[in-house]
Amino acid sequence: MTTPHPMLKLADEVRQALADGRPVVALESTIISHGMPYPKNVQTAREVEDIIREGGAVPATIAVLHGIPRVGLDDDELDLLGSDEHVRKVSIRDLPYVIARGEHGATTVASTMRLAALAGIRVFVTGGLGGVHRGAEVSMDISADLMELGLTDVGVVSAGVKSLLDIGRTLEVLETLGVPVVSVGSDDFPSFYSRSSGFDSPLRLDTPDEVARAMKAKWELGLAGGMVIANPIPQADEIPEEQIGVLIAKAVAEADQLGITGAAITPYLLGRIVELSGGDSLRANIALVKNNARLGAAIAVAYAAL
Ligand code: PSU
Ligand code: MN
């Protein structure tokens, strides 16, 4: 096992599991602080941790609290992340800042991946990945999540990429960065609320064990960087693209009009889509994160057994 980086504070349970080589699943916190409204966000975070435990792995939610990168949080800490308005959205570039200032930070996919890797965790569960924003050929707004996937050895389970992003260009950038994009049990690459995005998945695997073996092969070969493990939303919870696409387009147009850019854009769009869908998008979001937690736990268990 890797010795956790000394600047991180690990929960005892997480530290012990890693020392024993038992399965651990990392979870991000931007989804809690900036991805869902309170109190559903905190309730979901707890339920997701429970699902990971039921799946035989130890959950490790990652965030920065009082300037300290933390791996594994208790109930009160999850509540603080979900309710305190001063929790900053922290991607890779923001980590030094919140640490120096002793602030609270909710970590994105990129910064959660990095902190997970520094702790020695190989599997991470989230909802949706950041990617290439629509219009990025002018704005150059490409999430640091993609760069991090090219660098850091963590498998990231998500429900794919929201169609508020440019999915085709996101897949192209991932290819350039050498990141395997694997859809589990599907030939289509999923688009978060919908089981398909209209794009074929670059790769397909069908079982947690196959995914674990692909991760192991990658890193044993010294191929640095992560893996996108795309898990389509369950059929019963899906919102068809025809239905959600209109609302997404409306939210994107509004953001454009309001001049919202940079780190604020994803949280704005997520919140607006919840309003425009009358809560349907939030229900789908919660269902897909739980579905990802089930798969992520199974992959972590399979990986630990290799
Ligand atoms: N996509 C979602 N839900 C989310 C996010 C993205 O469907 O909560 C969050 C994740 O934390 C992701 C971040 O890493 O937004 C990407 O933000 P940006 O595009 O600013 O890098
Ligand atoms: Mn951005």
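The table that follows gives values for the structure above.
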item	result
Leading residue by the ranking (surrounded by the most Cβ atoms within 10 Å (Cβ to Cβ)) among those in the range 90-117 that are out of contact with any Ser or Thr (no Cβ under 7 Å at 6 or more places or on another chain) and not in a helix (DSSP H, G or I)	Gly105
Filtered residues of the range 118-149 (kept if closer than 19 Å to Ser29 by Cβ, within 13 Å of ligand 2 (Cβ to nearest atom) and either outside any helix (DSSP H, G or I) or polar (S, T, N, Q) (or both))	Leu129, Gly130, Ser143
Qualifying positions in the range 156-182 - within 18 Å of Ala287 (Cβ to Cβ) and either away from ligand 1 (no atom under 12 Å from the Cβ) or among the polar types (S, T, N, Q) (or both)	Val157, Ser158, Ser163
Residue within the range 240-251 that is in contact with a Ser or Thr (Cβ under 9 Å, 6 or more places away or on another chain), modelled with pLDDT of 95 or more and of a type in the set (D, E, K, R) present	no
Where a residue in the range 248-271 is part of a loop (DSSP other than H, G, I, E, B) and its partner, wherever it lies, is away from ligand 2 (no atom under 11 Å from the Cβ), with Cβ under 7 Å and at least six apart	Ile260/Tyr268
Any pair with Cβ under 7 angstrom, 6 or more apart, that starts in the range 104-115 at a residue that is farther than 13 Å from Leu146 by Cβ and ends at one that is among the acidic types (Asp, Glu) and near ligand 1 (Cβ under 8 Å from one of its atoms)	Thr107/Glu28; Thr112/Glu28
Residue, farthest from the chain's Cα centre (by Cα), within the range 150-184, restricted to residues that are part of a loop (DSSP other than H, G, I, E, B) and of a type in the set (Asp, Glu)	Asp166
Restricting the range 235-275 to residues that are more than 21 Å from Gly130 (Cβ to Cβ) and among the aliphatic types (A, V, I, L, M), the residue that is nearest to ligand 2 (Cβ to nearest atom)	Val246
Residues of the range 162-188 classified as closer than 20 Å to Pro232 by Cβ, without any contact (Cβ under 8 Å) to a residue 60 or more places away in the chain and either small (Gly, Ala, Ser) or in contact with a helix residue (DSSP H, G or I) (Cβ under 8 Å, 6 or more places away or on another chain) (or both), total	11
Selected residue (criterion: nearest to the chain's Cα centre (by Cα)) from residues of the range 116-142 that are without any contact (Cβ under 8 Å) to a residue 60 or more places away in the chain and within 9 Å of ligand 1 (Cβ to nearest atom)	Gly131
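The values are calculated or read from the model by the stated rules, or taken from the named source; none is laboratory data. A quick note: this is a predicted structure, and the numbers were derived from the prediction, not measured. As a convention, Cβ positions derive from the backbone with ideal geometry for all residues, glycine included, and neighbour counts pool all protein chains shown.
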